[in-house]
Each structure stands twice: as structure tokens, then as C-alpha cells.
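The values are calculated or read from the model by the stated rules, or taken from the named source; none is laboratory data. Remember, it's a predicted structure, so these values are computed and weren't measured experimentally. Cβ placement follows ideal geometry from the backbone for every residue including glycine, while neighbour counts extend to all protein chains displayed. Areas reflect the complete protein model, heavy atoms only, side chains present, ligands, DNA and RNA absent. Shrake-Rupley method; radii C 1.70, N 1.55, O 1.52, S 1.80 Å.
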Amino acid sequence: MTATYDRLGIKFLYPENWKLIDEIDTDLPHVISLETPDGSTTWSVHVYPTDSDGDEIFKETLTTLMDTYEDCEVSKLKNEVGGHVAEGVDVLFYCLDFLIRAQIKLIQTEPYLIIVWQQAEDRDFDKQQMVFEAITISLLQAIQSDSGM
């Protein structure tokens, strides 16, 4: 079953058993995070005004991750998600004794600049990829329909 998040112009579907952490305020940027019941897998969206400096925000996000965890292995990625180009990075790093894989993607839409962060243990990441993509596509479709595209 799915649950629906719908607040202040941000709307998406997500698994109903995932925990929602809503840090949304009336002003942008907004941050909404989801995590699995065991806390091992997370998906979050950071929503900025469309005229924000995406490159600078993305660099700050990646720098924070790399400053937090040693020996990050970073590779660039570019794909299409829900009709939008998503550019970003795939990052492998250790947290405690676990190999973690995170993907951080920058997606330009109207009226928002979106950063999607999806993260899981490397051995579980591929299993969660379809869930990550479904959440992100539902977000982008809602934005697209609200903007009249």
C-alpha cells in the first residue's frame, strides 16, 4: 500500500510503512525524508526555488558527505527520471562496518530545483532502486501536472 505526501505544493507517493520526516516550512528550501522501518534505507528530497544555484548547492551537499565519511568513492551519473534529466553522483562509503551506496541527483523542474538523495546498504541498493524511482517519478509527475506542463 502507498501513502501520499501532499503539503505546500510538494506531492508524492511512498510506501505506507516508511517513516516520514517532514522539515518543511512555508519558505523554501523544503526537506522531506523517508526511511524504511529499520532505518537502513533513506530517500529525501530537497526543494529549492528554480533560480537557485544548483551547481553550488550540489557541491556543498557532496562536500558535506565527503567531509563526514573518509575514502568516498564517487562516480558521475546522468539518467532520465520521469521525463527529466537527472545529473549527479553515485557514492560508496563505509559507515561503521557497512558499505553504503548513495545517489545524489540534481533535477531542474519548473518551479523547483530538486535534489534527490537515496541511500541504502550497497547489498540492498539495487533492490530498493525501483522504490526510489517510483517515489521520485510520482514527485516529478505531480510537479509537472501542477505547473501545467
Probe 1.4 Å, accessible area per residue of the stretch 29-146, Å²: 52 Å²
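In Å, the Kirkwood hydrodynamic radius of the chain over pairs of distinct alpha carbons? It would help to have the intermediate numbers written out before the result.
Working: mean 1/r = 0.0638 Å⁻¹.
Averaging 1/r across every pair of different Cα atoms and inverting gives 15.7 Å.
Just the number, please: carbon plus sulfur as a percent of the accessible area of the chain, 1.4 Å probe, no ligands or DNA/RNA counted.
Values: 4040 of 8280 Å².
Result for the chain: 49 percent of the exposed heavy-atom area is carbon or sulfur.
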Using θ = phi - 60° and Karplus 6.51 cos²θ - 1.76 cosθ + 1.60, couplings along the stretch 74-83 (whole Hz; Gly, Pro as x): 10, 9, 6, 9, 8, 8, 10, 10, x, x
Cα-based helix-to-principal-axis angle, 54-68 vs the chain, degrees rounded to 10: 30 degrees
Equivalent ellipsoid semi-axes, the stretch 1-44, via Cα gyration tensor eigenvalues times 5, rooted, Å: 19, 13, 6
Amide H within-cut-off set for residue 81, under 5 Å, with H built and near neighbours excluded: 86
Label point at residue 92 placed 7 Å out along Cα→Cβ; residues across the stretch 117-141 whose backbone nitrogen lies under 19 Å: 118-129
At q = 0.13, 0.22, 0.24, 0.25 Å⁻¹, base-10 log of I(q)/I(0) for the stretch 40-92 (Debye sum, equal scatterers on each alpha carbon): -0.39, -1.12, -1.26, -1.31
Across 59/127; 19/105; 105/127; 19/76; 19/78; 19/59, pairs whose alpha-carbon gap is larger than 24 Å: 59/127; 19/76; 19/78; 19/59
Rg to Rh, two decimals, where the stretch 62-149 supplies the alpha carbon set and Rh follows Kirkwood: 1.02
